[in-house]
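To keep things clear, I will list the structure first and then write my remarks on it.
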Amino acid sequence: MQRNPKILITGANGQLGQVLTKALRDRHGKSSVIASDINQTSDSDEHYLFLDILNTERIKETIDDHGITQIYHMAAILSASGEWNPSKTWNVNFNALLRILEIARDKKLDKLFFPSTIAVFGNTTPRTDTPQDVPLLPETIYGISKTTGELWCNYYFNKYGVDVRSVRYPGIISYQSIPSGGTTDYAVEIFHELLQHGKYECFLEKDTALPMMYIDDAIQATIQLMEAPKADIQTRIGYNLSAMSFTPATLFAEIQKYLPTAQIAYKPDFRQKIAESWSQSIDDSRARTEWGWAHQYDLERMVKTMLDNLSTQK
Ligand code: SER
């Protein structure tokens, strides 16, 4: 029988972690969700812990001390930052996962969530409507660590029965939190820069299409997958997940409807090559069929929601 969830979130100060923590606390109560991160939280939170995900003993103690039954393992170094220090990225993104999988097995946790990404795709992957099961040959160390992580999750499920679940997030767009070190970050930065300064210098080419998702959809997908009946989860590698795909030029044109004097310049840097190795659009029919995933936000709704929320924050 499933116990009442007592959840540990790693990387709770990250772009997804912050909003996920709030969503899970709204659902289960604050004391049922322990937020942790290697960065200190800005507000006082009695259910927040400083936690280094490479400190295995401390993670085990945390699980015992708080009676943890589920982990959402959100801590990671993203695609662009990862390229500056590949071995550290491997350690944080992969070695930590391996330890957490082993802890989940040893402590008989009910569930584990592992966030994967469109960065698992590479130059050999079909770039449009990318299917679930394709050869993965990622270009970045971030993609390599997440691809390997998916395979280990699958292995731990098949061999030891660890109930680990995963999605391949597209670029995530949020107003509550800012991403850091990713290739899709431009799609959040652009809102802040255009609202504050009226202009934005984009680090990707204007016609580079990438799959993207509004934060509420990403959180909904995560919780929906974690709460789905076990029998519905037919794959233990990351589920493809899709909501919208757009280029910087399309996003800018949509924002310009609200900010007509806004200006953009394109100055691609090393992130352009990373973006070009990823998919432009995703076939997520398995997530939709197997556990009922459905997105709510398209480009128009996302842009309006971002501008409404960021304007009232000022
Ligand atoms: N948003 C991530 C990145 O750009 C992709 O998962 O690195």
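The values are calculated or read from the model by the stated rules, or taken from the named source; none is laboratory data. Everything numeric here is computed off the predicted structure, so don't read it as measured data. In this analysis, Cβ positions are derived from the backbone assuming ideal geometry, glycine residues included, and neighbour counts consider all displayed protein chains.
Points worth noting:
- Qualifying residue in the range 164-182 (condition: of a type in the set (A, V, I, L, M), over 16 Å from the mean Cα position of the chain (by Cα), more than 8 Å from the ligand (Cβ to nearest atom) and under 16 Å from LEU101 (Cα atoms)): no
- For the range 29-43, the criterion of being among the polar types (S, T, N, Q), surrounded by 15 or more Cβ atoms within 10 Å (Cβ to Cβ) and touching a Phe, Trp or Tyr at 6+ places or on another chain (Cβ under 6 Å) is satisfied by at least one residue.
- Residue check, THR128 surrounded by fewer than 22 Cβ atoms within 10 Å (Cβ to Cβ) and under 20 Å from GLN280 (Cα atoms): yes
- Pairs linking a residue in the range 178-190 that is at positive phi and part of a loop (DSSP other than H, G, I, E, B) to a residue that is at pLDDT 95 or above and β-branched (Val, Ile, Thr), with Cβ atoms under 7 Å and 6 or more positions apart or on different chains, are GLY181/ILE77.
- Failed item in (1) crowded, with 22+ Cβ neighbours inside 10 Å; (2) away from the ligand (no atom under 16 Å from the Cβ); (3) assigned to a loop (DSSP other than H, G, I, E, B), with VAL134 passing the rest: (1)
Results for (1) in a helix (DSSP H, G or I); (2) away from the ligand (no atom under 16 Å from the Cβ); (3) loosely packed, with under 15 Cβ neighbours inside 10 Å, shown as yes or no for each residue.
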residue: ALA75; (1), (2), (3): no, no, no
residue: LEU98; (1), (2), (3): yes, yes, yes
residue: LEU101; (1), (2), (3): yes, yes, no
residue: LYS108; (1), (2), (3): no, yes, yes
residue: PHE113; (1), (2), (3): no, no, no
residue: SER116; (1), (2), (3): no, no, no
residue: PRO138; (1), (2), (3): no, no, no
residue: ILE144; (1), (2), (3): yes, no, no
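- Filtering the range 1-57 to residues that are touching a residue at least 60 places away in the same chain (Cβ under 8 Å) and assigned to a loop (DSSP other than H, G, I, E, B) leaves GLN2, ARG3, ASN4, PRO5, LYS6, GLY11, ALA12, GLY14.
- Single match in LEU49, LEU54, LEU20 (criterion: of a type outside the set (Phe, Trp, Tyr) and under 20 Å from LYS108 (Cα atoms)): LEU54
- In summary, helices (runs of 4 or more DSSP H) completely within the range 223-314 and bearing 1 or more residues that are surrounded by fewer than 17 Cβ atoms within 10 Å (Cβ to Cβ) and more than 16 Å from the ligand (Cβ to nearest atom) occur at 248-256, 285-291, 299-313.
- Within the range 183-221, considering residues that are of a type in the set (S, T, N, Q) and over 19 Å from the mean Cα position of the chain (by Cα), the one surrounded by the most Cβ atoms within 10 Å (Cβ to Cβ): THR208
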